[in-house]
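Peer 1: Here it is, the structure, as structure tokens.
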Amino acid sequence: MPIRILPPEVAAKIAAGEVIERPLSVAKELLENAIDAGADEIHLEIVQGGRRLIRVADNGCGIPAAEVELAFARHATSKLSSAEELYQVRTLGFRGEALASIAAVSRLTLSTRARDEEVGTLIRLEGGTILGREAHGRMPGTTVQVENLFYNTPARLKFLRSEATEAGHVARLVSNYALAYPELRIVLQHNERLILRTQGNGALLDVLVTLYGLDVAEKMIAIPRPEGDKATLCVWGYIGAPELHRADRHDILFFVNRRWVQDSALTYAVTEAYRTLLPQGRYPMAVLNIALPPEDVDVNIHPTKREVRFRHEREVFTAVQRAIRTTLLAQHPVPMARGPFAPPAWQGHQPFARGRYLTPTQAQMALEVQRTGEMPAPTPIERPERLPMLRVLGQIAQSYIIAEGPGGMYLIDQHAAHERIRYEELKAQQGRSEVASQELLKPLPLELSPQQSILLEAHIGMLEPYGFEIIPFGGTTFLVKRVPANLVGEDITTALIEILNAALEGGQAFSWEEQILITLSCHTAVRAGQTLTLEEQRDLVRRLERATLPHTCPHGRPTVIHLSQERLEKEFGRR
Ligand code: ADP
Ligand code: MG
């Protein structure tokens, strides 16, 4: 084929694809425009996860009637006038691409009135083509309505995920902007349900309460904003007390000059600052503002502006780490002493730790390496599917059961073993639809984050076969009315939040059934640190012997470590 210049509509679609990937991208660009316009009140509404409709209304400066068409031209912006200014950006937008890109892949209506003009303008576009404009009466401000996103790019449409997933992404975005701009009144509605409303009183702590609930917000520690010189690098915000640890890094947030950015190196700096204070594989919460002179940060490295580059990277990381470390030390002057025994409850209880677990074989090899300092020859250790009959001898550190069997000594992790037993029992009961369910005397209110609430609403039916009855109770609150009988008296809120967070993390590979079973078995299993009578120990071991896959817990950790007769003899120098 000869070389040709692409027709403008093809070029426009290609360019739009860089900026607008999914409903989240539309919401982000429109929200940023509203903030740049100096609005103090912003209403977002999405329908069907944003596929059907995304509407953002603000009370900002508006667009002058004479400039409305221009706003939709590519590279048209009021925020930048020279290349030098690119290194001094103080607004969220500057590329002049968003409106053009969104319009190219949707049916868009914009209504706007500049503050100093008498009448407003209404303009309609379809696939980037202007269909018409008219004078229009309205309050100062701008409303952009995006319908049928990707109607003309079917390939993009196919890549969209479920309504709840897409809406969840938007909810998280809006939540994060609410944290970055506590002085703005922000409202988010999904399918006419109110998902988020902030007061806009300027207090970051109040936004934390709205998003995470009072219990969590109370455990957040303030890093105050340094007084004085605004021209230098400074870090402030809130960080979670170590006990607020999470299964993933989603609640570590950075706002660089009030722009929400994702930065794995900064995230690492935060988790490092918490080192030794959190259980393995768990992550802290942090909402951190980083302010620095605009010329020291390059925001123009990605079309979606989700990443930035720092001129003095090390300094920024050091400032973040120092701010966190100083704050944590002031709160916890004496580092927790942690002996190998009497572990805190979590040590036997890390449902989503993503560290590498050892298989029984690997565990045995590790023990050997520790003792002898060298790798044993990789002789495959025979591992029967089922456990042999074991004679229980007693409990160690209130966490492990020691037993004797035909092949030598067995050490059983009581929590992991019980998890395996509960998992197989629940699965069998569920298959026979015999899960016992119990009504709570007092329904339990469940306060969720905007994103979690969207997910739960969409999947509420999936929890029913496991004995849950949960009903929406307005906004992001739900009422738990019935729970699986085994869960009565347990921390039901934590269990449900674990299921939801796993769903958020797991993406397409995620199976609700599996996660519900894992979480329920984990929460109903005996804990490490719990004293068991000899009778209880025997009962547990009997049930483990009957399990189909007795060697690992549902998370994949070993339940049993086996030291063979030969190993013992070798260790004692008898061989
Ligand atoms: P950018 O934000 O990078 O300048 P956009 O395509 O998002 O590019 O917007 C183009 C221009 O339209 C902006 O520079 C601004 O002048 C105007 N504009 C867009 N949205 C709004 C809004 N909500 N309020 C006022 N002006 C707006
Ligand atoms: Mg913009």
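Peer 1: Based on what the data block shows, is residue 90 in the same structural domain as residue 144 (by TED's automatic domain parsing), in contact with a helix residue (DSSP H, G or I) (Cβ under 7 Å, 6 or more places away or on another chain) and surrounded by fewer than 21 Cβ atoms within 10 Å (Cβ to Cβ)?
Peer 2: So residue 90 passes the test.
Peer 1: Output the residue which, of all residues in the range 188-208 that are aliphatic (A, V, I, L, M) and buried (at least 17 other Cβ atoms within 10 Å of the Cβ), is modelled with the lowest pLDDT.
Peer 2: 195
Peer 1: Please go through the range 99-122 and pick out each residue that is farther than 11 Å from residue 143 by Cα and among the hydrophobic types (A, V, I, L, M, F, W, C).
Peer 2: Selection gives 99, 100, 102, 103, 104, 105, 114, 119.
Peer 1: For the range 415-429, check the following and say yes or no: at least one residue is in a strand (DSSP E or B), open to solvent by less than 50 Å² (accessible area, probe 1.4 Å), touching a residue at least 12 places away in the same chain (Cβ under 8 Å) and hydroxyl-bearing (Ser, Thr, Tyr).
Peer 2: no
Peer 1: State whether the residues of the range 69-87 include one that is more than 25 Å from residue 306 (Cα to Cα) and either within 12 Å of ligand 1 (Cβ to nearest atom) or assigned to a helix (DSSP H, G or I) (or both).
Peer 2: Within the range 69-87, one or more residues are more than 25 Å from residue 306 (Cα to Cα) and either within 12 Å of ligand 1 (Cβ to nearest atom) or assigned to a helix (DSSP H, G or I) (or both).
Peer 1: Find all pairs meeting these conditions: Cβ atoms under 6 angstrom apart; at least six residues apart or on different chains; first residue within the range 25-54 and open to solvent by less than 30 Å² (accessible area, probe 1.4 Å); second residue among the polar types (S, T, N, Q) and modelled with pLDDT of 95 or more.
Peer 2: 39/59
Peer 1: Further, regarding this structure: Pick out the one residue from 488, 560 that is in contact with a Leu (Cβ under 9 Å, 6 or more places away or on another chain), in the same structural domain as residue 394 (by TED's automatic domain parsing) and buried (at least 20 other Cβ atoms within 10 Å of the Cβ).
Peer 2: 560 is the lone residue from the list that is in contact with a Leu (Cβ under 9 Å, 6 or more places away or on another chain), in the same structural domain as residue 394 (by TED's automatic domain parsing) and buried (at least 20 other Cβ atoms within 10 Å of the Cβ).
Peer 1: In addition: Any chance the range 104-120 includes a residue that's under 20 Å from residue 15 (Cα atoms), assigned by TED's automatic domain parsing to the domain that holds residue 32, touching a Gly at 6+ places or on another chain (Cβ under 7 Å) and more than 9 Å from ligand 1 (Cβ to nearest atom)?
Peer 2: The answer is yes, given that some residue of the range 104-120 is under 20 Å from residue 15 (Cα atoms), assigned by TED's automatic domain parsing to the domain that holds residue 32, touching a Gly at 6+ places or on another chain (Cβ under 7 Å) and more than 9 Å from ligand 1 (Cβ to nearest atom).
Peer 1: Just one of the numbered conditions (1) of a type in the set (A, V, I, L, M, F, W, C); (2) within 30 Å of residue 158 (Cα to Cα); (3) away from ligand 2 (no atom under 12 Å from the Cβ) is not true of residue 61; which one?
Peer 2: (2) is the only condition that residue 61 fails.
Peer 1: Of all the residues that make up the range 158-169, how many are open to solvent by less than 60 Å² (accessible area, probe 1.4 Å), hydrophobic (A, V, I, L, M, F, W, C) and farther than 11 Å from residue 190 by Cα?
Peer 2: 1
Peer 1: Return the pair list, or none, for Cβ contacts closer than 8 Å from residues in the range 549-575 that are at positive phi to residues that are surrounded by fewer than 19 Cβ atoms within 10 Å (Cβ to Cβ), at least 6 apart or on different chains.
Peer 2: So the pair list comes out as 556/357.
Peer 1: Looking only at residues that are of a type in the set (A, V, I, L, M, F, W, C) and closer than 17 Å to residue 50 by Cα in the range 73-116, which one is farthest from the chain's Cα centre (by Cα)? Before you say what the answer is, go through the steps one by one.
Peer 2: To start, the set of residues in the range 73-116 that are of a type in the set (A, V, I, L, M, F, W, C) comprises 73, 76, 80, 83, 86, 89, 92, 94, 98-100, 102-105, 108, 110, 114.
Next, from what is left, pick out any that are closer than 17 Å to residue 50 by Cα: 98-99, 102-105, 108, 110.
Details: 98: 26, 99: 29, 102: 27, 103: 30, 104: 31, 105: 29, 108: 31, 110: 33 Å.
Per the stated criteria, the residue is 110.
Peer 1: In addition: Mind listing whichever residues of the range 1-55 are within 14 Å of ligand 2 (Cβ to nearest atom), in a helix (DSSP H, G or I) and modelled with pLDDT of 95 or more?
Peer 2: Within the range 1-55, 25, 26, 27, 28, 29, 30, 31, 32, 33, 34, 35, 36 meet the criteria.
Peer 1: Related question: Out of the range 305-351, which residues are at pLDDT below 50, surrounded by 18 or more Cβ atoms within 10 Å (Cβ to Cβ) and in contact with a strand residue (DSSP E or B) (Cβ under 9 Å, 6 or more places away or on another chain)?
Peer 2: 348
Peer 1: Within the range 4-28, how many residues are under 21 Å from the mean Cα position of the chain (by Cα), closer than 14 Å to residue 105 by Cα and within 12 Å of ligand 1 (Cβ to nearest atom)?
Peer 2: Adding up the residues that qualify gives 2.
Peer 1: Something else: Could you please tell me which pairs satisfy a Cβ distance under 6 Å, a separation of 6+ or placement on different chains, a first residue in the range 96-110 that is of a type in the set (Lys, Arg), and a second residue that is surrounded by fewer than 23 Cβ atoms within 10 Å (Cβ to Cβ)?
Peer 2: 107/126; 107/147; 107/148
Peer 1: Report yes if residue 440 is assigned to a helix (DSSP H, G or I) and touching a residue at least 12 places away in the same chain (Cβ under 8 Å), otherwise no.
Peer 2: no
Peer 1: A follow-up question, please. Do the conditions hold for residue 178, that is, is it open to solvent by less than 20 Å² (accessible area, probe 1.4 Å), part of a helix (DSSP H, G or I) and either at pLDDT 95 or above or not β-branched (Val, Ile, Thr) (or both)? Spell out how you get there, then give the answer.
Peer 2: Details: open to solvent by less than 20 Å² (accessible area, probe 1.4 Å): yes; part of a helix (DSSP H, G or I): yes; either at pLDDT 95 or above or not β-branched (Val, Ile, Thr) (or both): yes.
Here the answer is yes, as residue 178 does meet what is asked.
Peer 1: Then there is this: Can you confirm whether residue 57 is more than 7 Å from ligand 1 (Cβ to nearest atom), touching a residue at least 24 places away in the same chain (Cβ under 8 Å) and open to solvent by less than 40 Å² (accessible area, probe 1.4 Å)? Step through it out loud before you land on a result.
Peer 2: Details: more than 7 Å from ligand 1 (Cβ to nearest atom): yes; touching a residue at least 24 places away in the same chain (Cβ under 8 Å): yes; open to solvent by less than 40 Å² (accessible area, probe 1.4 Å): yes.
When the stated conditions are applied, residue 57 passes them.
The values are calculated or read from the model by the stated rules, or taken from the named source; none is laboratory data. Given the structure is predicted, the values throughout are model-derived calculations rather than measurements. So basically every Cβ, Gly included, is an ideal-geometry build from the backbone, and we count neighbours across all protein chains shown. Protein only, heavy atoms only, side chains kept; ligands, DNA and RNA dropped before computing areas. Shrake-Rupley method; radii C 1.70, N 1.55, O 1.52, S 1.80 Å.
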